[in-house]
Structures are given as structure tokens and as C-alpha cells.
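The values are calculated or read from the model by the stated rules, or taken from the named source; none is laboratory data. All values reported here derive from a predicted model rather than from experimental measurement. We place every Cβ from the backbone using ideal geometry, glycine too, and count neighbours over all the protein chains shown. For accessibility, only protein heavy atoms count, side chains too; no ligands or nucleic acids. Shrake-Rupley method; radii C 1.70, N 1.55, O 1.52, S 1.80 Å.
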Amino acid sequence: GENVEQHPSTLSVQEGDSAVIKCTYSDSASNYFPWYKQELGKRPQLIIDIRSNVGEKKDQRIAVTLNKTAKHFSLHITETQPEDSAVYFCAAPGAAGNKLTFGGGTRVLVKP
Amino acid sequence: SAVISQKPSRDICQRGTSLTIQCQVDSQVTMMFWYRQQPGQSLTLIATANQGSEATYESGFVIDKFPISRPNLTFSTLTVSNMSPEDSSIYLCSVAPTGREEQYFGPGTRLTVT
């Protein structure tokens with residue numbers, strides 16, 4: 001099955017700086033890569049996703065890049081704000097389609 | 001996105017007992033899933049809840065421990081059977097709208113087993 005590794009496990013940034021989280025996956029059949037944000041005590045929330053037919057996608061201050069050859073994808077958050085503090089998870093479906101395998105998560109702390 | 005609710009939101013149970021968690025969606029969806037999130041950990045898929053047939057379980061999860069029902073396209077239940085403290089986790093359902101790849105999560109059920 002799919003194996004997803006996520007780095008770093010924790011990330012502390014100063015407000016206004018950028019944050020980058022990287023994930024690698026093992027199954028070359030994966031073609032959909034979502035990112036979730038989970039605030040303390042809340043459900044994971046889908047914040048952005050990318051499909052294998054594009055290399056980059058942006059939505060305001062967040063962007064995701066995908067390198068299918070190297071089997072890795074990254075989340076970029078620019079101009080970080082305290083409300084960006086949360087745990088972020090990447091995921092990939094593998095050959096199974098809808099069944100997501102999640103990375104281990106990155107705890108992001110934005111210091112004011 | 002779909003509106004997803006779960007009941008109960010939290011419970012404290014004694015070891016050896018069972019708890020049934022309900023997941024309700026406000027629209028018909030083809031795919032429903034159950035995940036477990038142990039304290040401070042990532043999400044692990046337990047099973048895919050199939051409408052009209054048995055659930056499909058992931059490695060490490062068995063039907064006797066986690067029986068699942070999916071009577072229609074808007075509702076599913078997960079039972080955690082013969083509970084032990086190791087079952088203390090958050091259990092989340094998720095749905096993928098028909099024809100879409102995105103998954104949306106319910107609010108979760110926080111289970112504590114004493």
C-alpha cells in the first residue's frame with residue numbers, strides 16, 4: 001500500500017515568515033494529494049489539494065507543489081499569521097483511489 | 001461541502017463494553033470512511049463503509065472488533081467492541097461526495113476507555 005512520510009514534525013516560525021512542509025509518497029499510482037489543517041480539538045479541514053496533471057496550485061497565502069518524478073509534494077504558507085498555528089497533514093491515495101494514507105503531521109507554531 | 005454530524009461527540013466507557021458511533025450526512029454520498037486518531041497522532045483508516053454490503057477493512061482492523069453498518073447513502077455506524085484502554089482515541093467519519101476525490105470529515109467522537 002501507500003506510504004507517506006512528512007517532514008518536519010514540528011515547525012516554529014515568526015509571524016510574517018514562510019513555512020514549508022514536505023511529503024514523500026511511495027505509490028506512483030497516487031494522483032491526488034490533499035492537505036488538511038487540524039486545529040486543537042477540531043476536525044481535519046481540507047485546505048488545498050492538487051492533482052497529478054498540474055505541478056503547482058495556489059490559493060491566497062497557501063500553495064502546493066508536486067514533483068511526480070521524485071514522488072514528493074510540498075505545502076507552502078506565506079506571510080504566516082497566528083491563526084495558521086495548527087497541525088497540518090498531507091495524504092495520498094495510492095492505487096486504491098479514495099482510500100487516503102496520511103503523513104505523520106506537522107505541528108506549526110506561528111510566533112507573534 | 002456536505003454537512004456531517006457524529007454522535008456522540010464524546011463518551012467515557014468502561015473496559016469490556018461496546019460503543020456505537022453514528023455518522024449522518026445531509027446529502028447522499030457514495031463513499032464513507034471511518035478513521036481513528038490516537039492522542040497526538042495522525043489519522044489511520046479503519047475501513048470503508050460500503051452501502052448494501054460488508055465494510056472493507058484495512059490491515060490491522062477486523063470486523064469483530066469494529067463492526068460497521070451502512071444502511072443507506074447518508075448514514076453509517078461504527079461500533080467499538082469489547083473496549084480496552086488502548087481503544088481510547090478520536091473516531092472520525094469522512095465522506096467523499098459522489099464523483100469527487102475530496103474527503104470531508106465529521107467532528108469526531110472522543111472516546112475514553114477506563
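Annotations for the structure displayed:
- Binning the C-alpha pair distances of the protein assembly as shown at 10 Å intervals from 0 yields a P(r) profile of 8, 33, 35, 20, 5, 0 %, listed from the shortest bin outward.
- Taking the centroid of alpha carbons for each part, segment A:1-74 and segment B:1-57 are 24 Å apart.
- Gyration tensor over alpha-carbon atoms, chain A, equivalent ellipsoid semi-axes in Å: 23, 14, 12
- The apolar share of the surface of chain B, taken as the fraction of accessible area on carbon and sulfur atoms (1.4 Å probe, ligands and nucleic acids excluded), comes to 47 percent.
- When A:SER30, B:SER53 are compared by accessible surface with a 1.4 Å probe, the order from highest to lowest is B:SER53, A:SER30.
- Residue among A:ASP27, A:ASP84, A:ASP59 with the largest mean-square fluctuation in a Gaussian network model of chain A, springs linking Cα atoms under 10 Å: A:ASP59
- For chain B, the relative contact order is 36 percent, taking Cα pairs closer than 8 Å that sit 6 or more residues apart in sequence and dividing their mean separation by the residue count.
- When the charge dipole of chain A is built from unit charges on Cβ atoms (+1 for Lys and Arg, -1 for Asp and Glu) and taken about the Cα centre, the candidate among A:GLY97, A:TYR25, A:VAL64 whose Cα reaches farthest toward its positive end is A:GLY97.
- Carbon/sulfur fraction of accessible area - chain A, other protein chains in place, 1.4 Å, %: 46 percent
- Relative contact order, whole percent, for chain A stands at 38, derived from Cα pairs under 8 Å and 6 or more residues apart.
- The residues of segment A:1-89 present an accessible area of 52 Å² per residue when probed at 1.4 Å with all protein chains retained.
- Calculated diffusion of segment B:1-53, Stokes-Einstein form, Kirkwood radius summed over Cα pairs, 20 °C and 1.002 mPa s, µm²/s: 161 µm²/s
- Interface B:A - total buried accessible surface [probe 1.4 Å, Å², rounded to 100]: 1600 Å²
- Debye intensity ratio I(q)/I(0), log10, chain B, q values 0.16, 0.18 Å⁻¹ (C-alpha model): -0.66, -0.84
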